[in-house]
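Worksheet: one structure, shown below.
The values are calculated or read from the model by the stated rules, or taken from the named source; none is laboratory data. Computed from a prediction, not measured in an experiment: that's the story for all the values here. When we count neighbours, we look across all protein chains shown, and the Cβ atoms used for this are built from the backbone with ideal geometry, even at glycine.
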Amino acid sequence: MAAYSETLVRDTAPNFNVIEEFSGLSVKQKMTLWEHNNAHSPAAFGSAVKLIWPQAEKCDVIKLQRFMVLLQNSMRVAS
């Protein structure tokens, strides 16, 4: 029974890639995350990420936050 449960959990929880998931969001959702990342506390940003992706872990929040900073810095360089 335990082996079946482990297989079921493994099959229903594939690898989660927060960057790929972010790219699939609507503009409104991306802007909400952008505002939370820039104007609010890190805890608020983490909560917003968890609302969109309940399966996201702390490392996913940090990864997305760093990715968004990288995007912001690359936009400044391009302009």
Quick one: which residue in GLY24, GLY46 is modelled with pLDDT of 90 or more and loosely packed, with under 11 Cβ neighbours inside 10 Å?
GLY24
From the options GLN55, GLN65, GLN72, residue that is of a type in the set (S, T, N, Q) and either more than 15 Å from GLU20 (Cα to Cα) or touching a Leu at 6+ places or on another chain (Cβ under 7 Å) (or both)
GLN72
With the first residue restricted to the range 57-76 and required to be of a type in the set (D, E, K, R) and surrounded by fewer than 16 Cβ atoms within 10 Å (Cβ to Cβ), and the second required to be at pLDDT below 95 and not in a helix (DSSP H, G or I), Cβ contacts under 9 Å at 6 or more apart or on different chains are GLU57/PHE16
Determine whether LYS30 is assigned to a helix (DSSP H, G or I), more than 9 Å from the chain's Cα centre (by Cα) and surrounded by 12 or more Cβ atoms within 10 Å (Cβ to Cβ).
yes
